[in-house]
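The values are calculated or read from the model by the stated rules, or taken from the named source; none is laboratory data. Please read all numbers here as calculations on a predicted model, not as lab measurements. Positions of Cβ are backbone-derived with ideal geometry, glycine not excepted, and every protein chain shown enters the neighbour counts. Heads up: the accessible areas ignore ligands, DNA and RNA and are worked out on the full protein's heavy atoms, side chains in. Shrake-Rupley method; radii C 1.70, N 1.55, O 1.52, S 1.80 Å.
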Amino acid sequence: MQSLRFGIVGSGYMAKTHSLALRNIEGFLWPKMPRIEMVRLADIDLSLAEDSARRWGWREATTDWKAVTRGDDIDVVVIITPNDSHEEIALDAFANGKHVFCEKPLANTAAAARRMAEAAERSGKVNIVNFVYRCWPAVQFARKLIGDGELGELRHFEGHFFQDYANDSGLPHAWRFDKERAGAGAGGDLGSHISDIAVFLLGPIGRVAANTRTYFPERATATGPATVTVDDMTTTLVEFRSGATGSVHSSWAATGHKSDLAFTIIGSKGSLSFSWERSNEIHLYTEAERKDRSGFRRIMIGGIHPEAEPFWYAQGQGLGYGEAFVITARRLIEAIQKNDTSASPNFAEAAHVNAVIEATVKAAATRSWQDVVG
């Protein structure tokens, strides 16, 4: 494969991260990568499309997303639009023979996510969802420790993803505050990431109980106040199908927490913990340590750990948010090279996360435990 031609639908904040990853990946993974061609960027606002295309290195701009999904000069479609539009764009891309890389959560409803996963399977094309945090070296290392039996039988997961950018009454109304478009609020946006990590490390979630809070019931628009129809905080108890217990909490109005994705896993023989705000380290305890010096120890992430080798090899030199997008882009491109349509994180896995989100919303509304269907 000499080259791979990309198109992207959407020109918002995430266009920056995806574009920089595609521009840099050849150098990080030389000479294994094909030549990356950033062909076309689509957005309903032409001025935004043209500005983003010039800024991030796309060859041309358009207001017609079908010029991306149906273009003969496009091999891969990247979808970074609001959640309610993912399904239509992805299904059209698959129908026109494209590989698809979609932002999370996969859709605004569990039913839409299932349809997308089914279409992906029928298409025979590579399908990846941008769960960047689960692909992070420290999280991959946690998975290896679990797989090697270092923690023994997994008993409990405690995780959260807290930010505070929306703890501002002056923040204007946007699509993320609209349930019809987003599906859920912080519980779907940030909660999808920490739920995905929980499932990645401990397996599928069987049932949930939840509570939600909306701290800002209205937000301003150009024409006046608009009702917020999603949560600002979701707190969830989870029961894994393995029998392990857990909690998964999310909020974008958690004062003082900037990008605080964190989790602790407790097993019968050991425990580990991780925080994105200290993303280049993981803390591990095992009962194999001598009793007089046992306790959690800090392990610095570096090139010897999963996914980290292409970057800065020495432990402690540090990887960041941008490298995470290079990692997921690599997974996509290598899967296309190998024709590996089961590469992870894929649509089928993401559909389970959407089912968790939907069960969580229902559990909060009914004040009852709800089974995760899917």
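For the stretch 81-138, go through all pairs of different Cα atoms, get the mean of 1/r, take its inverse, and jot down that Kirkwood value in Å.
Mean inverse Cα-Cα distance, inverted, gives 11.6 Å.
Quick one: divide the alpha-carbon radius of gyration of the stretch 306-374 by 2.2 N^0.38 Å and tell me what you get.
With N residues counted in the stretch 306-374, Rg over 2.2 N^0.38 Å equals 1.62.
Please give the calculated 222 nm ellipticity per residue for the chain, where each DSSP H segment of at least 4 residues contributes -39500 (n - 2.57) and the sum is spread over every residue; nearest 500 deg cm²/dmol?
On the way: 11 runs with 124 residues, N = 374.
When only DSSP H runs of four or more count, the value is -10000 deg cm²/dmol.
If you take every residue apart from Phe311 with its C-beta less than 13 Å away from the C-beta of Phe311, what net charge results, scoring Lys and Arg +1 and Asp and Glu -1? Mind showing how you got there, number by number?
Values: positive: Arg330; negative: Glu307, Glu309, Glu323.
After counting each charged neighbour, the total is -2.
Which one of Pro172, Ala184, Gly206 has its Cα pushed farthest toward the positive end of the charge dipole of the stretch 138-269, where Lys and Arg give +1 and Asp and Glu give -1 at the Cβ?
So the residue we want is Gly206.
Consider a paramagnetic label point 7 Å from the Cα of Trp369 along Cα→Cβ; state which residues of the stretch 221-263 have an amide N under 13 Å from it.
Label zone hits: 237-246.
Mind checking which lysines have their Cα closer than 17 Å to the Cα of Lys179? Skip sequence neighbours fewer than 8 apart in that chain.
Those lysines meeting the cut-off are Lys104, Lys362.
When only alpha-carbon atoms count, how far does the chain stretch along each of its three principal axes, as whole angstroms with the largest first?
So the three principal-axis extents are 64, 53, 39 Å.
Assuming 0.890 mPa s and 25 °C, estimate D for the stretch 196-244 with Stokes-Einstein, Rh taken as the Kirkwood radius over Cα pairs, in µm²/s.
My calculation gives 185 µm²/s for D.
One-quarter of the Cα convex hull surface for the stretch 45-162, in nm²? Don't skip to the answer; put the middle values down first.
Numbers: hull surface 41.4 nm².
The orientation-averaged projected area of the Cα hull of the stretch 45-162 comes to 10.3 nm².
Restricting things to alpha carbons, tell me how big the stretch 146-265 is in terms of Rg and Dmax, in Å.
16.1, 58
So for each of 105-117, 146-158, 50-62 I average, over its residues, the number of other beta carbons within 10 Å; can you give me the resulting order with the highest mean first?
Per-residue Cβ counts within 10 Å, averaged per peptide and sorted highest first, yield 105-117, 50-62, 146-158.
Can you work out the base-10 log of I(q)/I(0) for the stretch 261-360 at q = 0.14, 0.19, 0.21, 0.23 1/Å, using the Debye formula on its C-alpha atoms alone?
Those come out to -0.79, -1.12, -1.16, -1.18, one per q.
If packing is taken as the average count of other Cβ atoms within 10 Å, what order do 303-313, 37-47 fall into, highest mean first?
Values: 303-313: 17.0, 37-47: 19.1.
Most protected by this proxy first, the peptides run 37-47, 303-313.
Summing +1 for each Lys or Arg and -1 for each Asp or Glu, what net charge is found among the other residues whose Cβ lies under 12 Å from the Cβ of Asp92?
Residues near Asp92 contribute 0 overall.
Using DSSP, restrict attention to beta bridges with both residues in the chain and report what percent are antiparallel, rounded to the nearest 5.
Counting DSSP beta bridges with both partners in the chain, the antiparallel share is about 60 percent.
Any idea of Ile80's accessible area? Nearest 10 Å², probe 1.4 Å.
Accessible area, nearest 10 Å²: 30 Å².
May I ask for the net charge around Ser294, where only other residues with Cβ less than 13 Å from the Cβ of Ser294 are counted and Lys, Arg are +1 while Asp, Glu are -1?
+2
With θ set to phi - 60° and the Karplus curve 6.51 cos²θ - 1.76 cosθ + 1.60, what are the ³J(HN,Hα) couplings of the stretch 74-90 in order, to the nearest whole Hz, using x for Gly and Pro?
Running phi through 6.51 cos²θ - 1.76 cosθ + 1.60 with θ = phi - 60° gives 10, 9, 10, 10, 9, 10, 10, 8, x, 4, 6, 9, 4, 4, 4, 5, 5 Hz.
Can you tell me the relative contact order of the stretch 87-130? Whole percent, Cα pairs under 8 Å, sequence separation 6 or more.
So the answer I get is 52 percent.
So how much slack lies between Asp168 and Asp73, counting 0.36 nm per residue of separation and subtracting their Cα-Cα distance, in nm? Write down the numbers at each step before the final one.
Numbers: separation 95, 0.36 × 95 = 34.20 nm, distance 4.35 nm.
That works out to 29.8 nm of additional length.
For the chain, what relative contact order do you get, as a whole percent, if you take Cα pairs closer than 8 Å and at least 6 residues apart?
Computed value for the chain: 19 percent relative contact order.
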